[in-house]
Amino acid sequence: MRAAVGDRIVIASNFLDRPVRDGRVVELRHPDGSPPYVVEWADTGHTALVFPGPDARVERADPGAAETTAAASAPRHVRTWRVEVQIFETGDDTTAHVVLRSGEAEPLRADGHATRAPGDLDVPEIGDEVAVGRALRRMADLLLSTASGDLAAVHGHPVVGSA
């Protein structure tokens, strides 16, 4: 692997629930462009010394390839997914119901619950936040489980992910 200042480094985990990280190479430690690199991460703006592993790739920042890169990076298809959240409060209990509509497929549904403890202040927004957060977390788990099953069906063997 070789990089130049300005190139983009992308690190994609082989676990479904881990984020893809990307950043810009801001400094080389070796004149031949070999690792390690000083990278400024796009998500945090922090810089770090990076020793890329097998899950990393370098994308060139070659200005002459701008047209080719733009055409290659154009989205192949675009979709809109809609998330609906309904919150129900009864006494000290709050329930959030989340529905994900992803086009023609059957909607995915998840629920989250929160209960105000005796003696806690009556602040409905907190119950809403906890119930919705739990429902969205369950929705994320459901999506990752569905993707894992779909990948297993495509590859013909179980796909390992971490929780």
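Just so you know, all these numbers are worked out from the coordinates, no wet-lab data involved. Small disclaimer: the values here were computed from a predicted structure and weren't measured. Every residue, glycine as well, gets a Cβ built from its backbone with ideal geometry; the counts of neighbours run over all protein chains shown.
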Subject >> Under 9 Å, Cβ to Cβ, from residue 37 - net charge with Lys/Arg +1 and Asp/Glu -1 >> reply: -1
Subject >> Environment charge of residue 117, counting only residues whose C-beta is closer than 12 Å and scoring Lys/Arg +1, Asp/Glu -1 >> reply: -3
**OP:** Please report, in debye to the nearest 20, how large the charge dipole of segment 81-163 is about its Cα centre when each Lys and Arg carries +1 at its beta carbon and each Asp and Glu carries -1 there.
**Re:** 400
Original post:
How much net charge surrounds residue 53 when only other residues with a Cβ under 14 Å from its Cβ are counted (Lys, Arg +1; Asp, Glu -1)?
Top reply: +2
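Which FRET efficiency value, to the nearest 0.05, is calculated for residue 47 and residue 128 with the Förster distance at 25 angstrom and r the Cβ-Cβ distance?
With R0 = 25 Å, the Cβ-Cβ based efficiency is 0.05.
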**OP:** Find the Cα radius of gyration of segment 76-163, compare it with 2.2 N^0.38 Å by division, and give the number to two decimals.
**Re:** 1.38
Original post:
Hey, rough spin-label estimate for residue 29 and residue 157, points 7 angstrom out along Cα→Cβ, what's it come to in nanometres?
Top reply: 3.4
